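> What follows is a single structure, and I will ask about it in a moment.
The values are calculated or read from the model by the stated rules, or taken from the named source; none is laboratory data. Just so we're clear, the structure is a prediction, and the values are computed from it rather than from any experiment. Note that each Cβ is placed from the backbone with ideal geometry, even for glycine, and that neighbours are counted across all protein chains shown. For accessibility, only protein heavy atoms count, side chains too; no ligands or nucleic acids. Shrake-Rupley method; radii C 1.70, N 1.55, O 1.52, S 1.80 Å.
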Amino acid sequence: MLSNKIKEATKEAHQQLERKVVLKMKGIRSNADYADVLKHFYAYFSELEKAIKPFITADVLPDCAKRRNSSYLKADIEELGSSVDELPEAVAPGINNTVEALGALYVMEGSIMGGPIIVQMLAKYGVDKGVSFFSGYGESTGQMWGKFVGVMNAEAETEEQQAQAIRVADETFSRFGDVFGEVPVAS
């Protein structure tokens, strides 16, 4: 199944991104700090959404209109008293078909799965506003993930299609990490 292959093949890029995000999250001490982190997510997700939009339709993913997207990030940023005026540079991978779009969406949807952990981390720092994006789909998060994975697995029928999805997912993780810049190496 593609969902198993993609997880294994993108493990390194996923872990590199996770390190960068966790480092940024650990630096949060105020709503302004948190808004800055969300701006990184918003900058990248809004670019990625533009790239996948022509391919991810209700015909492909029937509940696509109900999925979390950058509008939730924008609302969270604004709830924290900030705006999306000054954003870091973000470049989405080139996406040319539905399978590649699903590979990119794998990263976006997967980011929601870790949301409850992020919300708990934020609560430790006294941040309890601007968490609609990371709250995911509430009790339906696992079910929504399952539906997405089912669609992705069904769409990528051939080895070539699976390779395309994996390549774009890996590039999506890497380019998302680029938005956060370089991480200092621990000595």
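> Relative contact order of region 109-187: what whole-number percent is it, with Cα pairs under 8 angstrom and at least 6 residues apart?
On the way: 28 pairs, mean separation 19.8, N = 79.
So the answer I get is 25 percent.
> In region 73-159, what GluC sites (Glu not before Pro) fall in a loop by DSSP, with at most 14 other Cβ atoms inside 10 Å? Numbers along the way, then the final one.
Numbers: sites: Glu78, Glu79, Glu86, Glu89, Glu100, Glu109, Glu139, Glu155, Glu157, Glu159; in loops: Glu86, Glu89, Glu157.
Loop-located and lightly packed - Glu86, Glu89, Glu157.
> Using a 1.4 angstrom probe and counting only protein chains, how large is the accessible area of Ile166 in Å², to 10?
The value for Ile166 is about 40 Å².
> Counting only protein heavy atoms, what percent of the accessible surface of the chain is carbon or sulfur at a 1.4 Å probe?
Numbers: 4830 of 9600 Å².
Carbon plus sulfur share of accessible area: 50 percent.
> Explain nothing, just compute: Karplus ³J(HN,Hα) = 6.51 cos²θ - 1.76 cosθ + 1.60, θ = phi - 60°, for every residue of region 113-121 in order, whole Hz, x for Gly and Pro.
Once rounded to whole Hz, the list reads 4, x, x, x, 5, 5, 4, 5, 4.
> Determine the per residue accessible area of the chain with all protein chains present and a 1.4 angstrom probe, expressed in square angstrom.
Working: 9600 Å² over 187 residues.
About 51 Å² of surface per residue is accessible.
> When the helix-only estimate is applied to the chain (DSSP H runs of n ≥ 4, each -39,500 (n - 2.57), divided by the residue count), what is the mean residue ellipticity at 222 nm, nearest 500 deg cm²/dmol?
-20500 deg cm²/dmol
> Now, a different point. Only loop residues by DSSP count here, and only those with at most 11 other Cβ atoms within 10 Å; note down the trypsin sites (Lys or Arg not before Pro) in region 1-69 that meet that.
On the way: sites: Lys5, Lys7, Lys11, Arg19, Lys20, Lys24, Lys26, Arg29, Lys39, Lys50, Lys66, Arg67, Arg68; in loops: Arg29, Arg67, Arg68.
Those satisfying the criteria are Arg29.
> Relative contact order of the chain: what whole-number percent is it, with Cα pairs under 8 angstrom and at least 6 residues apart? Could you put the intermediate results ahead of the total?
Working: 228 pairs, mean separation 66.6, N = 187.
Averaging sequence separation for qualifying contacts and normalising by length gives 36 percent for the chain.
> Quick one: how many Å² of Asp178 are accessible to a 1.4 Å probe, rounded to 10?
Taking all protein chains as shown, Asp178 has close to 110 Å².
> Can you run phi through the Karplus equation (6.51, -1.76, 1.60; θ = phi - 60°) for region 27-34 and list ³J(HN,Hα) in whole Hz, with x for Gly and Pro?
x, 6, 10, 7, 4, 5, 4, 5
> Extension gain Ser132-Lys7, at 0.36 nm per residue separation less the Cα-Cα distance, in nm? Walk me through the intermediate numbers first.
On the way: separation 125, 0.36 × 125 = 45.00 nm, distance 2.56 nm.
Here the segment from Ser132 to Lys7 would lengthen by 42.4 nm.
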